[in-house]
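Working notes for the structure below.
Derivation of every value follows stated rules applied to the coordinates shown; laboratory data play no part. As the structure is a computational prediction, the values presented were derived from the model and not from experiment. Heads up, the Cβs are rebuilt from the backbone with ideal geometry, glycines too, and the neighbour counts pull from every protein chain shown.
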Amino acid sequence: MDTFIQQIINGLVLGSIYALVALGYTLVYGILGLINFAHGEVVMIGALSALTVIKLLAGSGLPGIAVVAIGVLVAVPLCMALGYGIERVAYRPLRQAPRLAPLITAIGMSIVLQQLAMIFWGRNYHSFPPILPETGREIGDAYISDLQIAILLLAAAIMAGLMLLINRTRLGRAMRATAENPQIAGLMGVNINAIISATFLIGSALAAVAGVMVSANYSIAHYQMGFILGLKAFTAAVLGGIGNVPGAMLGGLLLGLIESLGAGYIGDLTGGFLGSHYQDVFAFFVLILVLVFRPSGLMGEKVAERA
Amino acid sequence: MPEALQSEEAGADGRGDGGAAARRPLLEVRDLQVSYGGIAAVRGISLEVAAGEMVCLIGANGAGKTTTLKALARLLPARGAIDYRGESLLQRAPHELIGAGLALVPEGRGVFARLSVAENLAMGAYCRRDRDGIAADLEHIHALLPRLKERAGQLAGTLSGGEQQMLALGRALMSRPQLLLLDEPSMGLAPIMVQRVFEVIRRVAAEGVTILLVEQNARLALSVAARGYVMESGAITLAGEAAALLADPKVREAYLGE
Ligand SMILES: Nc1ncnc2c1ncn2[C@@H]1O[C@H](COP(=O)(O)OP(=O)(O)OP(=O)(O)O)[C@@H](O)[C@H]1O
Ligand SMILES: [Mg+2]
């Protein structure tokens, strides 16, 4: 029982991070029909750049929370600029090209960013300095750290804010209109390029926050961390229904739970044959199952085929 | 016949406002050419629409009417001249037009199916900042098209075809257009719905909005418009007063089924 609740807590924390990254994939896919495979690298650069700032300020006497907050405040605009630049350089010139072309530049962009990060930050793992209070609370026999609580609350607040932005503001309305029919949105006076840029800016800001969350929660960051994380968040977006915003949130949380519970019980299930380090297998098992049995995802509708 | 009466009304409106706008027409198209990958769809047409006038462009399936409107709305690259309010539109991007008072209601309506009726109308006013003016226009459009008020919260994709056409029209009106380009508003609608849609178009024209109406239904178009152009295989073959075109033996044979 204790393992169960503990894995639920861990799964929700991991899942809310996946959700933040998955939103970046789904927002861009919704508007451009493009899978931005470089998105995982934006998360990685968010994590490493924040960590650089955090390490620099770690001995400054500032309280740990303030140091992390400054790290986030540096990483967010940096990643926004990066996401904006990626779209301008790698995708915009190929807007009219066959679908395969931007997919290939996406992968190329991902490799370039990884290599640049390797040159800049090296091949080593960077550990998160122990500046955050190590407090937490017991829930029955399970334990949730204050950091985990903070991640859950911040992710929930960000997602609520994003829903408000998309459903209640002029920009959000224009984004939904553009996602549905860019040509008609253009006739309404919507500058499609500005909307696409806004989408990349928003997704990249979420990626930066998620990157800091990952490195704080697992105390580690590395130039290759974006690859698996990006692939898992992409899986979460597909699970929820790519292009669907609440779907990405649901898909992220579900994937986090599946992985966490799977890792917690895989030993029992296989009689000790497979250990918890097989955690990653679940995400890709989920991806395959979804692609085979429900490619439109849990919340993916087929409204586009009507009217 | 009510048709004759209405065309006279529209004609009177056209003359009334046309005088105020001096000689220069609101829209002047010269030698417009549009092609799809080397295949010419519009082969050098010229037409003009004076301020306050309702003009129709009629022609059979595939004549190039939609292509012409799309070129005017800058959705397709074109050669020739498109002057609107005395300025060339050729260098303009599509999203700049609505702010200049030029609105297209596209073929097939193009409502945002996943947005509510109210949100679709709000999209029409996307470029406007005058909150009071927008609220007043919304009220006016709700009075003109009461169904849109009843269905404000409903997703546009759940509306009937006629209601979607009304919504597309209402959405364009929310931009407070000076020139309205309408592409086959009767398409796919039941006769009773066609009557209602055209009644609304008539009232919009009577309020002083200049309209270029594209229709396959020539009788209907010529009954509401003051003047008309007949398009065939990408070229304009006939032009004139609506009443004259209605009486023209060639038009009667080819487009009125007589
Ligand atoms: N996207 C396109 N690519 C290639 N050819 C096209 C395209 N759209 C239209 N055409 C061709 O251009 C010509 C004019 O088409 P257009 O749609 O302008 O006609 P229309 O007068 O609007 O017809 P309808 O009354 O059926 O709407 C037709 O021969 C059509 O086949
Ligand atoms: Mg057409």
Report the FRET efficiency, 1/(1 + (r/R0)^6), for A:Leu231 and B:Ala135, where r is their Cβ-Cβ distance and R0 is 45 Å, rounded to 0.05.
0.40
Exposed trypsin sites (Lys or Arg not before Pro) being those in a DSSP loop with at most 15 other Cβ atoms within 10 Å, the longest stretch of chain A free of them is A:124-301
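Tell me, what is the percent relative contact order of chain A, built from C-alpha pairs under 8 Å that lie six or more residues apart? Mind showing how you got there, number by number?
Numbers: 501 pairs, mean separation 109.0, N = 307.
The normalised contact order for chain A reaches 35 percent.
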Let me know the whole percent of all Cα-Cα pairs from the range A:1-76 that are separated by more than 16 Å.
64 percent
Which residue fluctuates most in the GNM of chain B (Cα springs below 10 Å): B:Leu104, B:Leu173, B:Leu89?
B:Leu89
Using packing as a proxy for protection, rank B:145-158, B:90-103 so that the peptide with the highest average count of other Cβ atoms within 10 Å comes first.
B:90-103, B:145-158
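State, as an integer percentage, the relative contact order of the range A:195-307 based on alpha-carbon contacts under 8 Å between residues 6 or more apart.
On the way: 100 pairs, mean separation 29.2, N = 113.
The normalised contact order for the range A:195-307 reaches 26 percent.
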With 0.36 nm assigned to each residue of separation and the Cα-Cα distance removed, A:Ser219 to A:Leu165 gains 16.3 nm
Assigned charges on the beta-carbon of Lys, Arg, Asp, Glu; the range B:182-258 dipole about Cα centre (debye):
180 debye
Could you tell me how far the Cα centroid of the range B:121-150 sits from the Cα centroid of the range B:33-88, in Å?
29 Å
Say each of A:Leu153 and B:Glu199 gets a label point 7 Å from the Cα, pointing the same way as Cα to Cβ; how far apart are those two points in nm?
6.0 nm
Calculated FRET value between A:Val292 and A:Leu100, using beta carbons and R₀ = 30 Å, to 0.05:
0.85
When chain A is treated as a Gaussian network with springs between alpha carbons less than 10 Å apart, the largest mean-square fluctuation among A:Val42, A:Val28, A:Val112 is found at A:Val112
Using a 10 Å cut-off around each Cβ of peptide B:121-127, what is the average number of partner chain Cβ atoms that fall inside?
5
Just counting partner chain Cβ atoms within 10 Å, what average do the residues of peptide B:166-176 show around their Cβ?
1
Compactness of chain B, expressed as Rg and Dmax over alpha-carbon positions, Å:
17.5, 51
So for the protein assembly as shown, using the alpha carbon gyration tensor with a ≥ b ≥ c as root eigenvalues (a/c under 1.5 gives rounded; past that, a/b versus b/c decides prolate or oblate), I'd call it prolate
What are the lysines whose alpha-carbon lies under 30 Å from the alpha-carbon of A:Lys232, with same-chain residues fewer than 8 places away excluded?
A:Lys55, A:Lys302
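What is the calculated FRET efficiency for B:Arg43 to B:Lys250, with r their C-beta to C-beta distance and R₀ = 30 Å, to the nearest 0.05?
Numbers: r = 19 Å, r/R0 = 0.65.
E between B:Arg43 and B:Lys250, to the nearest 0.05, is 0.95.
Need one value for A:178-184: mean number of C-beta atoms belonging to other chains within 10 Å of its residues' C-beta atoms. Kindly include the intermediate steps, with their values, before the conclusion.
On the way: counts 1, 2, 8, 6, 0, 6, 13.
For this peptide, the per-residue mean of nearby foreign Cβ atoms is 5.
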Sort A:182-190, A:148-156, B:188-196, A:281-289 by the packing proxy (mean of other Cβ within 10 Å over each peptide's residues), most packed first.
A:182-190, A:148-156, A:281-289, B:188-196
From the phi angles alone, apply the Karplus equation (6.51, -1.76, 1.60; θ = phi - 60°) to the range B:140-156 and give each ³J(HN,Hα) in whole Hz, x where the residue is Gly or Pro.
4, 5, 5, 5, 6, 10, x, 4, 5, 6, 4, 9, 3, x, 7, 5, 4
Express in whole angstrom the spacing between the alpha-carbon centres of the range A:258-303 and the range A:69-123.
28 Å
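Tell me, which longest segment in chain A has none of the GluC sites (Glu not before Pro) that fall in DSSP loops with at most 15 further Cβ atoms within 10 Å?
Numbers: sites that count: A:Glu134, A:Glu301.
Answer from the scan: A:135-300.
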Spin-label model distance (nm) - B:Ser35 vs B:Gln91, 7 Å beyond Cα toward Cβ
2.5 nm
Relative packing of peptides A:100-111, A:56-67 - highest average C-beta neighbours within 10 Å first:
A:100-111, A:56-67
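Does the range A:168-307 come out rounded, prolate or oblate, given a ≥ b ≥ c as the square roots of the eigenvalues of its C-alpha gyration tensor, rounded meaning a/c under 1.5 and, failing that, prolate meaning a/b above b/c? The partial results should precede the final answer.
On the way: a/c = 3.39, a/b = 1.75, b/c = 1.94.
Oblate.
Hey, what did chain B get for relative contact order, percent, Cα under 8 Å, at least 6 apart?
RCO, chain B: 28 percent.
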